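What follows is a single structure, written as structure tokens, with notes after it.
The values are calculated or read from the model by the stated rules, or taken from the named source; none is laboratory data. Because the structure is a prediction, the values reported are computed rather than measured. Counting neighbours? That spans all protein chains shown, and the Cβs are built from the backbone with ideal geometry, glycine included. These accessible areas exclude ligands, DNA and RNA; they are computed on the full protein's heavy atoms, side chains included. Shrake-Rupley method; radii C 1.70, N 1.55, O 1.52, S 1.80 Å.
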Amino acid sequence: MMVPEFFQDHAPILVVILPLLGAFLTPLIGKASSRAPRYVAALFLLGSLAMVAVLADKVWSQSPIPVVYTLGAHSGSGINPVFRIQLVVDGLGVLMAIIMGIVSTAAVLYSWSFIDKYSGQDKYYTLLQLTAVGAYGMVLTGDIFNLFVFFEISSIALCGLVAFRTERGESFEAAFKYMLYSTISGVFLLFAIGIFYGEYGVLNMGVISEAMSSAGGASVLDKIALGLLVTVFSLKAGSVPMHMATPDAYSEAPGGISAIFVAASQTGLYALFRTSFTIYGHYNPNTGAFNLDTYTLGWIVVILGVLSMFIGVTMALVQKDIKRLMAYHAISQTGYMLLGVGVGIAVLSDPAKMTAFGVDAMRGGIFHIINHALYKGLLFLTAGAVFYRLQTRNLNEMHGLGHTMRFTTVFFMIGALAIAGMPPMNGFSSKLLIYESVYQFNPIIAVIAMLVSVLTLASFVKVFYSAFLGPKPENPPEDAPTSMLIGMTILVAVIIVFSLFPGLVVERLIDPAVRALLFPWLAGGV
Amino acid sequence: MMRPMSKIVRSMGGVLYPLIAVFGGYLILHGHLTPGGGFQGGAVAASAVALVVVAYGGTLYKKGVLSTVESFGLLLFLGAGLIGMSAAFFANTLANAGGLFGDAVSFGVTDAGLNTGGTVPLMNIAVGCEVIGGLGLIILALSKAAFTREVD
Amino acid sequence: MLWQLPFVVSVALVAIGLYICIVKTNMVKIVMGVALMESGANLFLVALGYRENGTAPIFYQNPNPGAEMVMPTTQALTLTSIVIGVATTALLLAFTVMLYKRYGTVDTRRARRLRE
Amino acid sequence: MISLADGVQIVVLAGIVLSALFVVRMRDLISAAVALGACSLLLSLEFYILQAPDVAIAEAGVGAALTTAIFIFAIKGTQRREDY
């Protein structure tokens, strides 16, 4: 495929600034026509997705060496580019960007119908694009302070979107709660950044890790910073015990936003893995030493994962509100990712265990990130479609939707099978990788993971039975409008591709991400 | 919308408002030479907006105008970044190139001129517009909320 | 010795802010606590860049090119964090006002309809 | 013996903590907002002492003026006392 050289060179920054440009063109264009913002938003997010594709091609061709883009640098300007703002894109960053690209495109198309009757659509699309900017920026930047800036951009934009349905007081309550927690975590993140800067005088994450390595490993201050970072990023990802605000925010957000919320929350996981591996798990090939013995950190992440899995699913079982139920399942699924990659962190300094099962566990955890974004995004979209037709989210008030909302029913079934890890679906492939490798790490945890999977299936069977089966209601609702169906179809199509070719997906998408995390320790290949 | 305050406040506001606004503009335009810059100057100018809203009520400002100023500021900022795209985003290709803001500067301790800095003054102006617009909108929105007190 | 005092004060500000966030139930007061925490973080960053007997990082005003300057990077970081701080404060206050219009209270004990 | 500059710094820092404590103690939210503004103003003075004039201008403009103004607007829109 021929892509002009300009786009090849500038793809990393174009991914971020296209939605930013769109976000601020939207209100200007919204003055001219009330329907224009939706087209502008879709156009710019699609453009951004195309740039992600160009970038992905470039990253995979030179994996595991990251693509580096230095802002504002003349070639040969003589100033050390490390002291400039850099975008550093590797396999993991580009994987997260792909997730955000697919989900945001689906969500924006879905929103065309979903928010058609609300006023202030230009603000909605502005904030939606800003959320995408925040997530893209977080995963593409190589500079820890920019990570903070984009973290706050995505939090602020998401809060605005959670409070978008102004007729409900509950949405303000959820938005206040989420904003409060993310602001407090932002302050802690700033302290951690200050600690790094005070010790090493740089903000580039790669350079921090090398400076830490030449200083002889992590100091006490670095360990304090690590504690802050783990708290902050697991709060962003919505794992137990920092999950207080997530169910409220997920369930109060409008339908399309809940989907994008899942993808945006996973940037917290990205940042957690990035700091654990790139900064603290940095391997010095000359001395053979790691910056920090990550065994304890790995166990902490594993325990967070197990708690999230178990508490999330048990809370989900008792919910009556369909979106709240899915929100607790989102917490539970986050646990699998933490578990998988946490095992990788724990055995990082043990090459034998790492090659035996650590790499597979990481593969499973990272594969689960993209799978979860797709099927949980799809499930939230179907729940939004049900809400759009019935104006209720209470499961007791729905029955027999399958008679008329046929496409929505089929899509829900696909999503439910995928989240429960039923064999042909993509959720099965990633969970199998996690079970097999975690069983070698600690059998009890693997058994808990399987139990949680069974409970997830039970919970979704209950939802399917009570909402979609049963006698035909008196006023059977129509199926969702076309644009919403298109949005869901995008996600379904990707899920089916992932289910049919899991091996290919792992090889092409996931392995570069794992290699990027383990670089340079495992430079040769997985 | 908020009621205007007493005559004393209005008179003092009328005297102080232009002074604060001019100081804000000074900070924006001298941002590349002295302490200050787009954000600081914009914040100072926005506090002039706050003064007017408190003293005279919010009717003097139109929301549409402020939001246009804000969008214009951001587009100008991104435009200033995109000028440098021949090298990299945000590259300062206008510096030392002649024209407006393009006067050459020598490295080291110099008597810096106002027309130096390349895209930096442009970005300061852009950020200034952005901040005046954004903070002004925040003040207008909250002052409107503050004086409609009914509870549903 | 004395230039370490700002660090102590910054930690104190964060502790006071966190105390307000945890103990107080009035939402406006909680937002004040958040604002105090942000101030603490800003003071931490600026104090981090301070060098004893350094001058402000303004290039052409520096009389002696060899004289030490304070670190400009942390000041840029602080500016960014002030911008973010005012945005979050305004957003939180806007949510508070809207919540008051819906619920008629800003007490977190009574304004709780979203439960487990 | 401490110099004059050090003395000023100690006074300013003590003032910051004191006004933060006032924010905690004041039951009247308008007073608390004014205490918060005073805290920001002293903080901007401290930034000036720490050789950060840019940050001092920004903190004075934003922290002391705008934040206080929006706090007072929000308190006018809700309730003035902390506890009822």
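Worth a mention:
- Check on B:G73, small (G, A, S) and under 13 Å from the mean Cα position of the chain (by Cα): yes
- Of the helices (runs of 4 or more DSSP H) that lie entirely inside the range D:2-66, those containing 2 or more residues that are more than 13 Å from chain B (Cβ to nearest Cβ) span D:4-25, D:29-49.
- Among the residues making up the range A:167-188, those that are of a type in the set (S, T, N, Q) and more than 8 Å from chain C (Cβ to nearest Cβ) are A:S171, A:S182, A:S185.
- Residues that are closer than 27 Å to D:I72 by Cα and outside any helix (DSSP H, G or I) within the range B:37-74 comprise B:G57, B:Y61, B:K62, listed in sequence order.
- Filter result for B:L100 (in a loop (DSSP other than H, G, I, E, B), closer than 30 Å to A:R84 by Cα and open to solvent by 70 Å² or more (accessible area, probe 1.4 Å)): yes
- Qualifying residue in the range A:291-314 (condition: in a helix (DSSP H, G or I), among the aromatic types (F, W, Y) and at pLDDT below 90): yes
- Residue in the range A:178-185 that is part of a helix (DSSP H, G or I), open to solvent by 30 Å² or more (accessible area, probe 1.4 Å) and β-branched (V, I, T) present: no
- Qualifying residue in the range D:45-55 (condition: touching a Leu at 6+ places or on another chain (Cβ under 7 Å) and either open to solvent by 10 Å² or more (accessible area, probe 1.4 Å) or free of Cβ contacts under 8 Å to residues at least 12 places away in the same chain (or both)): yes
- Of everything in the range B:31-66 that is over 21 Å from D:A65 (Cα atoms) and open to solvent by less than 50 Å² (accessible area, probe 1.4 Å), the residue that is farthest from the other protein chains (Cβ to nearest Cβ) is B:H32.
- A:D479 vs. criteria among the acidic types (D, E), within 19 Å of the chain's Cα centre (by Cα) and either assigned to a helix (DSSP H, G or I) or within 30 Å of A:A385 (Cα to Cα) (or both): no
- Output for the range C:15-57, where each listed residue is more than 15 Å from the chain's Cα centre (by Cα), more than 12 Å from chain A (Cβ to nearest Cβ) and among the hydroxyl-bearing types (S, T, Y): C:T25, C:T55
- Out of A:G134, A:G216, A:G201, sole residue that is within 30 Å of A:F519 (Cβ to Cβ) and open to solvent by less than 20 Å² (accessible area, probe 1.4 Å): A:G134
- Any hit, the range A:224-232, residues being buried (at least 24 other Cβ atoms within 10 Å of the Cβ), more than 8 Å from chain C (Cβ to nearest Cβ), of a type in the set (S, T, N, Q) and touching a residue at least 40 places away in the same chain (Cβ under 8 Å): no
- Every residue from the range A:306-348 that is charged (D, E, K, R) and under 16 Å from A:G238 (Cα atoms): A:K323, A:R324
- Candidates A:N396, A:N426 - the one that is modelled with pLDDT under 90 and open to solvent by 10 Å² or more (accessible area, probe 1.4 Å): A:N396
- Residue count for the range A:1-16, restricted to those that are within 14 Å of another protein chain (Cβ to nearest Cβ) and either among the charged types (D, E, K, R) or surrounded by fewer than 18 Cβ atoms within 10 Å (Cβ to Cβ) (or both): 6
- Pairing each residue of the range B:75-86 that is in a helix (DSSP H, G or I) with any residue that is open to solvent by 60 Å² or more (accessible area, probe 1.4 Å), provided the two are 6+ apart or on different chains, yields C-beta distances under 7 Å for B:G81/B:F90; B:G84/B:F90.
- Taking the criterion of being under 16 Å from A:W112 (Cα atoms) and among the β-branched types (V, I, T), the only residue of the range A:30-63 that qualifies is A:V40.
- Selected residue [more than 7 Å from every other protein chain (Cβ to nearest Cβ) and under 19 Å from A:A225 (Cα atoms)] from A:F164, A:F145, A:F191, A:F151: A:F151
- In the set (1) modelled with pLDDT under 80; (2) surrounded by fewer than 16 Cβ atoms within 10 Å (Cβ to Cβ), B:V22 fails one condition alone, (1).
- Each residue in the range A:17-46 was checked for being open to solvent by 10 Å² or more (accessible area, probe 1.4 Å), under 21 Å from the mean Cα position of the chain (by Cα) and within 14 Å of chain B (Cβ to nearest Cβ), and 4 pass.
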